[in-house]
Amino acid sequence: MKEFYGTRLPNPLMLGTAQYPSPAILEQAFRDSGAGVATVSLRRESGAGQTFWQMIRDLGVLVLPNTAGCHTVKEAVTTAHMAHEVFDTTWIKLELIGHTDSLQPDVFQLVEAARILTEDGFHVFPYTTDDLIVGERLLAAGCEVLMPWGAPIGSGRGLNNEYALRSMRAEFLDVPLVIDAGIGLPSHAARAMELGFDAVLLNTAVARAGDPVMMAKAMKLAIEAGQLAHQADPIEARDMAEPSTPVIGKAFLS
Amino acid sequence: MKIVLNGESRAVRAETLAELLQECGFSGRVATAVNEDFVPSSLRASHKIKDGDRVEVVAPMQGG
């Protein structure tokens, strides 16, 4: 597995911490998912922040703060600096939202913010589209990880454009690539891993499932299966049948 | 002095950002911004609060 800014992840699942029915379910979902990274955010302090932080620390996972909801470079950069102080990490999941309905990243501002934050010493995990040129620009801006979307955040549609994601994998062979957002089912996560992606970041698919803990476990198994399948060098699909049982030696019975 | 703290208008006695956090009962891990600019914790004690300042105090929260 590739390193993420010099860190080897215990496994390829990054799990969000939002939208769970209760803190206890969140905690159990994390334990059963085996996720090595938890995404977190910053919001106005209303009293609950410190308890939440203590629980995340007790999970013993790496923390990846986000800039969710930011629409401008300045807002995202300021949020990143605040996150650095609160969470004591140089990692930042850089989200710059460009469209209200699709939550599609504003890739122009994303590249600019990534450049500023890299110069400020951050290790940027950019939430981006599957556009190759944007990927190149992000790498040129100093990113060493790319996180293309599978589908819009929370949509559960899976990998909307597998062709583009395949191209991205082929183009950025040595770059750690994470499918971030859009995963709805374990099969989507398995597919991402089969395509050779290095990790999957998901939240809603687990947190909003009828049984989040069971879904967390399903995701863990699917990701493991997809990763093994990729390493096992799968066969190519073909149009015509090819008998798997030997033809030679068949008894002549007609 | 009147300021806007996390979107709500408040009258406060504090003269610095550090005093403001104390006066308003914030403790633990928080980060601060004044008028949309980040103020590191090391500068809170020397950062003077002015009338009409917009102060944001944020803490860890669930996120995806």
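Every number in this text was worked out from the coordinates using simple rules, so none of it is lab data. Please read these numbers as outputs of a predicted model, since none were measured by experiment. Positions of Cβ are backbone-derived with ideal geometry, glycine not excepted, and every protein chain shown enters the neighbour counts.
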What percent do you get for the relative contact order of chain A when only Cα pairs under 8 Å and 6+ apart count? 19
May I ask what percent, to the nearest 5, of DSSP beta bridges between residues of the protein assembly as shown are antiparallel? 45
Could you work out, residue by residue across A:80-88, how many beta carbons of other chains sit within 10 Å of that residue's beta carbon, and then give the average as an integer? 5
For a quick protection proxy, order the peptides B:30-38, B:55-63, A:230-238 by their average other-Cβ count within 10 Å, most packed first. B:55-63, B:30-38, A:230-238
Where N is the number of residues in segment B:2-58, Cα Rg divided by 2.2 N^0.38 Å: 0.96
Per-residue Cβ counts within 10 Å, from other chains only, averaged over A:44-56: what number is that? 6
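Assigning unit charges at the beta carbon (Lys, Arg +1; Asp, Glu -1) and nothing else, what dipole magnitude in debye, to the nearest 20, does chain A show about its Cα centre?
In total the dipole reaches around 580 debye.
With Kirkwood's inverse mean 1/r over C-alpha pairs for Rh, give me the Rg to Rh ratio of segment A:95-164, two decimals please.
0.98
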Most mobile listed residue (B:R54, B:R13, B:R44) in chain B, GNM with C-alpha springs under 10 Å: B:R13
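Using the Cα centre of segment A:1-87 as the reference point, and only Cβ charges (+1 on K/R, -1 on D/E), how large is the resulting charge dipole? Debye, rounded to the nearest 20.
The calculated dipole for segment A:1-87 is roughly 120 debye.
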Given A:L221, A:L173, A:G98, which one lies farthest toward the positive end of the charge dipole of the protein assembly as shown, if we put +1 on the Cβ of every Lys and Arg and -1 on the Cβ of every Asp and Glu? A:L221
Can you list the lysines whose alpha carbon is less than 26 Å from that of B:K50, not counting same-chain residues fewer than 8 positions off? A:K74, B:K2
Given B:H47, A:M240, A:G16, which one lies farthest toward the positive end of the charge dipole of the protein assembly as shown, if we put +1 on the Cβ of every Lys and Arg and -1 on the Cβ of every Asp and Glu? A:G16
Distance between modelled label sites at B:D37 and A:S46, nm, 7 Å Cα→Cβ extension: 3.0
Mean Cβ neighbour count within 10 Å, used as a protection proxy, ranking A:133-146, A:157-170 highest first: A:133-146, A:157-170
Output field shielding_mean for B:52-59 (other chain Cβ, 10 Å radius) holds 4
In what order do B:S9, A:S187 fall by count of nearby beta-carbon atoms within 10 Å, going from fewest to most? B:S9, A:S187
Per-residue ³J(HN,Hα) for segment A:38-44, Karplus 6.51 cos²θ - 1.76 cosθ + 1.60, θ = phi - 60°, Hz, x for Gly and Pro: 10, 8, 9, 9, 10, 9, 3
So what is the relative contact order for segment A:117-254, in percent, with contacts set as C-alpha pairs under 8 Å and at least six apart? 18
Note down the magnitude of the dipole of chain B about its Cα centre, charges +1 on Lys and Arg C-beta and -1 on Asp and Glu C-beta and zero elsewhere, to the nearest 20 debye. 100
Highest GNM mean-square fluctuation among A:P243, A:P152, A:P212, for chain A with Cα springs under 10 Å, belongs to A:P243
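Helix-only mean residue ellipticity at 222 nm, the protein assembly as shown, DSSP H runs n ≥ 4 weighted -39,500 (n - 2.57), per residue, nearest 500. What is it? All intermediate terms of the calculation are to be shown ahead of the outcome.
Values: 10 runs with 109 residues, N = 318.
Calculated mean residue ellipticity at 222 nm is -10500 deg cm²/dmol.
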Using bins 20 angstrom wide from zero, how does P(r) for the protein assembly as shown break down, in % of all Cα pairs? 31, 50, 14, 3, 1, 0
